[in-house]
There are 2 protein chains.
Amino acid sequence: MLTERQQLILRLIVDDYIRSAEPVGSRTISKRMEIHLSPATIRNEMSDLEEMGYLEQPHTSAGRVPSQKGYRFYVDHLLEPSDLKPAEILKIRRLFRERLDAMEHVVRQTAGILSTLTNYTAFVLGPMVDEAKLRHIQIIPLGEWAAVAILVTDTGHVEKKTVILPDPSLLAEIHKLVDLLNSRLIGVSISELKERIEQEIGKELRRHADHYERVLGLIDELTASAEEQVYVGGATKILEQPEFRDVEKIKPLLVMLEDAHVVARLAGSPSRQGIQVRIGDENPLSAVRECSVVTATYRMRGGQVGTIGVVGPTRMEYGRVIGVLQYLSNVLTELFNRGA
Amino acid sequence: MLTERQQLILRLIVDDYIRSAEPVGSRTISKRMEIHLSPATIRNEMSDLEEMGYLEQPHTSAGRVPSQKGYRFYVDHLLEPSDLKPAEILKIRRLFRERLDAMEHVVRQTAGILSTLTNYTAFVLGPMVDEAKLRHIQIIPLGEWAAVAILVTDTGHVEKKTVILPDPSLLAEIHKLVDLLNSRLIGVSISELKERIEQEIGKELRRHADHYERVLGLIDELTASAEEQVYVGGATKILEQPEFRDVEKIKPLLVMLEDAHVVARLAGSPSRQGIQVRIGDENPLSAVRECSVVTATYRMRGGQVGTIGVVGPTRMEYGRVIGVLQYLSNVLTELFNRGA
DNA sequence: TTTAGCACTCGCCGGATGTGAGTGCTAACA
DNA sequence: TGTTAGCACTCACATCCGGCGAGTGCTAAA
């Protein structure tokens, strides 16, 4: 569809606009070493590119700006993912090697690292606990009337919940139930937990009939609250972007970033693995209609578990971002499959 | 120092400016029911108040704006803490009564509640785990080479840490050590934990000499990571304030709110109980030099444990904020001393 | 002591004007 | 046929100017 030369020009325009955030004129492109054409020729090509929808003009006598379609073409055909500098690789390696902390800590600091590496707002989802397997479940009394229930998965994830007991004397019986759960359900994945309780040991549990419901409800709550883990890093990075110099533009974005549930939806369908780039309108959330969201997935023991991603203006350094995401998601996958 | 009339005028000016965010003129004050003086008279008084440093003029022909000293006087002498509306009280009660969740959940959602009630950015610190007492400590193996260490306090707080074992065979011995800790150290406060280990069971522990250091280090890390809990709610509320319409003004504030450690320093000396109001420069952090920070403390079983607070422009609804903080901190104190 | 009157200040708004970057078009050139 | 030079045209942006209005400070009268 596009001639070789048009592609070159489009690439130069996008590259320049990504750097400068200002409409690119024909003269600017003409001065580039890669090309030896007069501004007039460039103008003709630009005019064609605009007609085809790859470029836009903010107003009649301004330069051209890439359209969403332009960015899309750039990402799909023209972009070269940039490798990380050795210094950066070293920095990442060192940060992660330092100590294999609780998985949550790794995940949390990943958001920060991703943000400083890309200079955009970063988010980290997961790892989804659903596919993790039950390792241990326990009730620890706090006093006569309260206890804390703890659930540990084989991935090192710990979920806790404080419960109020209707009657202190129940504690002993609940303990028995929990012991039973422990002896039967170790190794069952969290998502199957409720089902398996019902299937396998429902009968036995029902002997202690009145507590059955209670325990089941507790397990339910424990697994439910384990669902979403969301960390955001460098939320203030958007403030640096010239297209968000206006407070009114920033507000919906920051409001979105405050709500973990909404951020979780940024990831899109978690079924698709690898790098995903969503430019402007391609994104389902209205708050990021003027942004691009780039995500990558990382895996844990085979099953897919989580997403890391970056939010920035459509005028984003796609090459760099994709490079960083690719590298970091690999590091994470590697990390989670090495330990434990 | 200030006549009755000057105090009245100062109060009216501050009240009006808090509402409108615009310099207050003599005519505006003169029209108030509470006073029956001509604008000229008001002007004279205003002039005096300015000379004494309670008011400021943005420019020659604008109205007056309260100075920091003016706000300080207002807060100390003129302000009437407003009570919450019954509807709001009901709302709070319902939110907290719903279920006594893990303490962390309560604390986290408090930040959100506080923010929606005041319309300013809110933060919640603590509860400081230091004074909580050890309830249970445990090692749960994840595989051959890894395990997760869990520490539970009597307040229902759960601290966890994943550890890599140098040698799978150590697990049994570590288990023994942990059992020992459990039998001896239940009820010891977290802050004393390390000391007590040293004192009371150091000798016994040292029999398993090579693990002693390891276990001690682990305990150390567990307690260290438990130190600071910081939650911020409604960070985007500052964007609503007209004095922060400029991105450059917002940036340092939001950057500060991103860093939990810095937010923790907003609370100031935790020794002073009750409501504290810090106006502009009175605050140690430069990021909030143009803000006011109002904090309150809540207690848990006698010992002081945490702080809740609000960050907003110096032009803050002090009366309302103080009322809400007072009420909420009481609810929290009550809540934490009821359950468990 | 309070108030009316009045000149004065100064931020803000709207319109006019000039500048410069960049375009589109046409015609000439290779 | 593709490329280029030339030129008129457009339009955002900055600057300047004048008028408006809110608000002050001062003076003199009540």
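Values quoted throughout were computed directly from the atomic coordinates according to the rules given, and no laboratory measurement underlies them. On a predicted model such as this, the values are computed, not experimentally measured, just so you know. Glycine gets a Cβ as well: all are built from the backbone with ideal geometry, and neighbour counts include every protein chain shown.
Comment: the Cα-to-Cβ extended label point of B:His59, at 7 Å, lies 2.6 nm from its counterparts in the other copies, nearest first.
Each residue in B:His77, B:His136 was given a count of other beta-carbon atoms within 10 angstrom of its own, and listing them fewest first yields B:His77, B:His136.
Please build a GNM for chain B, connecting alpha carbons under 10 Å apart, and tell me which residue among B:Met46, B:Met256, B:Met33 fluctuates the most. Highest fluctuation among the options: B:Met33. When the square roots of the Cα gyration tensor eigenvalues are ordered a ≥ b ≥ c, the ratio a/c for chain B is 1.5 or more and a/b exceeds b/c, which makes its shape prolate. Can you pull out the GluC sites (Glu not before Pro) in the range A:1-109 whose DSSP state is coil and whose Cβ has at most 16 other Cβ atoms within 10 Å? Here the GluC sites (Glu not before Pro) that fit, given the DSSP loop and packing criteria, are A:Glu34, A:Glu98.
Within the shell defined by Cβ-Cβ distances under 12 Å, the residues around B:Glu88 carry a net charge of +4, with Lys and Arg each +1 and Asp and Glu each -1. Here B:Arg272, B:Arg32 are placed in order of increasing Cβ neighbour count within 10 Å, fewest first, which gives B:Arg272, B:Arg32. Cross-link partners for B:Lys133 among the lysines, with Cα-Cα distance under 27 Å and sequence neighbours closer than 8 places in the same chain left out: A:Lys160, A:Lys161, A:Lys176, B:Lys160, B:Lys161, B:Lys176, B:Lys194, B:Lys203. State, as an integer percentage, the relative contact order of the range A:258-339 based on alpha-carbon contacts under 8 Å between residues 6 or more apart. In percent, rounded to a whole number, it is 26. Modelled spin labels at A:Lys91 and A:Lys249, positioned 7 Å past Cα toward Cβ, are 2.7 nm from each other. Classification of the range A:130-225 by its C-alpha gyration tensor yields an oblate form. The axis ratio a/c (a ≥ b ≥ c) is 1.5 or more, and b/c is at least a/b. Note on B:Lys249: lysines with a C-alpha under 19 Å away, same-chain residues under 8 apart excluded, are A:Lys237, A:Lys249, A:Lys251, B:Lys237.
Sequence-ordered 3J(HN,Hα) estimates for the range A:38-52 from the Karplus curve with 6.51, -1.76 and 1.60 and θ = phi - 60° stand at 6, x, 4, 4, 4, 4, 4, 4, 4, 4, 4, 4, 5, 4, 7 Hz, glycine and proline given as x. For the protein assembly as shown, the 222 nm mean residue ellipticity estimated from helices alone, with every DSSP H stretch of n ≥ 4 adding -39500 (n - 2.57) and the total spread over all residues, rounds to -15000 deg cm²/dmol.
By the count of other C-beta atoms within 10 Å, a proxy for reagent exposure, B:Asp48, B:Asp167, A:Asp16 are ordered fewest to most as B:Asp167, B:Asp48, A:Asp16.
Between identical copies, the spacing of B:Leu285 label points, each set 7 Å from Cα toward the C-beta atom, reads 2.5 nm from nearest to farthest. Charged neighbours of A:Asp16, selected by a Cβ distance under 11 Å, balance to +4 (K, R count +1; D, E count -1). Between B:Gly143, B:Gly25, B:Gly319, the residue with the greatest mean-square fluctuation in the GNM of chain B (Cα pairs under 10 Å linked by springs) is B:Gly143. At a threshold of 8 angstrom on Cα-Cα distance, excluding pairs fewer than six apart, so keeping six or more, what relative contact order does chain A reach in percent? Relative contact order here is 19 percent.
With a ≥ b ≥ c the root eigenvalues of the C-alpha gyration tensor of the range B:4-78, is it rounded (a/c under 1.5), prolate (a/b larger than b/c) or oblate? Rounded is the answer for the range B:4-78, as its axis ratio a/c remains below 1.5. Sorted from shortest to longest, the distances between the A:Glu34 label points of this copy and the other copies are 6.8 nm, with each point 7 Å from Cα along the line through the beta carbon.
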